[in-house]
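The values are calculated or read from the model by the stated rules, or taken from the named source; none is laboratory data. Note that the coordinates shown come from a computational prediction; the quantities given were computed from them, not determined experimentally. Ideal geometry is used to build each Cβ from the backbone, glycine not excepted, and the neighbour counts take in all protein chains shown.
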Ligand SMILES: Nc1ncnc2c1ncn2[C@@H]1O[C@H](COP(=O)(O)OP(=O)(O)OP(=O)(O)O)[C@@H](O)[C@H]1O
Ligand SMILES: [Mg+2]
């Protein structure tokens, strides 16, 4: 539609090329290269302060990069003013105009740009978020989730080639949040625009996005489809930030062409060579809690199975669908085991001696080490250092 000037009917690629952002005395973005294909739902996931909002502000044109270029639909927009970019942003605080009706809120931007059929387009956007039946209400007469949907309609109505969402569900309670996640995903598929969604909620990122980029300290540590990141994390940070992991410090002790054998305290932990970042010396390997099985007797030795133990159960938490066991194993951090409650009641009790087994093929080998403090938050690492110091004394 020609009268939508810079605004699009379909999504556009976003490319960040060698982006760096330095504030006086602080580098918020170290070096980010990123390509988001048109029409995809991309999530930028990371802890507070890692540079997510800064990245969005750079794309929106609210900040200038210190280095690097930003391309939207193949066009270099680095030097364009924010309103010239085919981008809309939904912020966490969505600030609707309180004195205007829902319909007027959504039509506002179109009217200001003197676009024909603003009212009809606003109704259409409100139908998309299923609020058209209350389009004459004022924002104060809506629930938080409904206001959030109005904010979304207000952004989508402009048909931005690229929609930026900065923790847009942050203000909602958990149940509504989960519901909105599904709706947002559905809307994205319906309108076919490119969504760049920022969140620190790993479940949110995994359920919604086609591609997740895990960001840490101004860098992207790993990027991929949610299941791929979950099953094969490459760093300690990703292994712990995206779900939980059990990590073991091991020593490589040979192997075959396809399998690497390692030694953990006298037990053999094997993994596929194709699933490890390193294959010599001291390395860190991991396995997800739901991949582990508990045994009350030492399990039979089997080539494709890793066994560690004995250890002792120190905690049993019954969660309904599953039971979460904490097992203390000499030479490792506490190990978490998630077991589905197929039988009634927990299969083992606190204090029980147990062995753990898992398929060797579920093991992953990391690029860095378990004890690197990078994996811990500032608070935790100070605590860890303090307790290590206490142990050393
Ligand atoms: N204008 C600024 N001047 C100096 N430092 C800044 C400025 N804006 C942001 N920063 C710093 O850059 C880092 C990244 O900030 P950013 O807002 O991008 O984090 P975030 O990942 O969005 O975090 P959150 O999840 O808490 O919203 C932070 O350490 C922040 O203090
Ligand atoms: Mg932020």
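Quick look at the values:
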item	result
Hits in the stretch 33-47 - residues which are within 27 Å of residue 156 (Cα to Cα) and either within 10 Å of ligand 2 (Cβ to nearest atom) or in contact with a helix residue (DSSP H, G or I) (Cβ under 8 Å, 6 or more places away or on another chain) (or both)	41, 43, 44, 45, 46
Count - residues of the stretch 128-140 that are under 33 Å from the mean Cα position of the chain (by Cα) and at pLDDT 90 or above	4
Residue under evaluation residue 209, criteria (1) within 16 Å of ligand 1 (Cβ to nearest atom); (2) touching a strand residue (DSSP E or B) at 6+ places or on another chain (Cβ under 6 Å); (3) touching a residue at least 60 places away in the same chain (Cβ under 8 Å), criterion not met	(1)
Enumeration of residues in the stretch 299-309 that are surrounded by 13 or more Cβ atoms within 10 Å (Cβ to Cβ) and at pLDDT below 95	299, 309
Residue match in the stretch 78-90 (condition: in contact with a strand residue (DSSP E or B) (Cβ under 6 Å, 6 or more places away or on another chain), within 16 Å of ligand 1 (Cβ to nearest atom), at pLDDT below 95 and under 20 Å from residue 160 (Cβ atoms))	yes
The stretch 67-82 - residue that is more than 17 Å from residue 11 (Cα to Cα) and out of contact with any helix residue (DSSP H, G or I) (no Cβ under 7 Å at 6 or more places or on another chain) and, of those, surrounded by the fewest Cβ atoms within 10 Å (Cβ to Cβ)	81
Hits in the stretch 48-59 (condition: within 13 Å of ligand 2 (Cβ to nearest atom) and touching a residue at least 12 places away in the same chain (Cβ under 8 Å))	48, 50, 51, 52, 53, 54, 55, 56, 58
Residue that is farthest from residue 213 (Cα to Cα), among those in the stretch 37-63 that are away from ligand 1 (no atom under 12 Å from the Cβ) and part of a loop (DSSP other than H, G, I, E, B)	61
Residue, surrounded by the fewest Cβ atoms within 10 Å (Cβ to Cβ), within the stretch 153-183, restricted to residues that are outside any loop (DSSP other than H, G, I, E, B) and within 16 Å of the chain's Cα centre (by Cα)	182
Qualifying strands (runs of 3 or more DSSP E) (wholly inside the stretch 209-288; at least 3 residues being within 29 Å of the chain's Cα centre (by Cα))	211-216, 219-224, 246-255, 267-272, 282-287
Qualifying positions in the stretch 123-143 - in a helix (DSSP H, G or I), without any contact (Cβ under 8 Å) to a residue 40 or more places away in the chain and in contact with a helix residue (DSSP H, G or I) (Cβ under 7 Å, 6 or more places away or on another chain)	123, 125, 126, 132, 134
Residue match in the stretch 66-78 (condition: within 16 Å of ligand 2 (Cβ to nearest atom) and either under 24 Å from the mean Cα position of the chain (by Cα) or farther than 24 Å from residue 196 by Cβ (or both))	no
Conditions (1) surrounded by fewer than 24 Cβ atoms within 10 Å (Cβ to Cβ); (2) at pLDDT below 90; (3) part of a helix (DSSP H, G or I): number failed by residue 206	(2)
Options 29, 115; residue that is surrounded by 13 or more Cβ atoms within 10 Å (Cβ to Cβ), within 16 Å of ligand 1 (Cβ to nearest atom) and not in a helix (DSSP H, G or I)	29
Single residue of 105, 88 found to be buried (at least 18 other Cβ atoms within 10 Å of the Cβ), farther than 16 Å from residue 139 by Cα and away from ligand 2 (no atom under 16 Å from the Cβ)	88
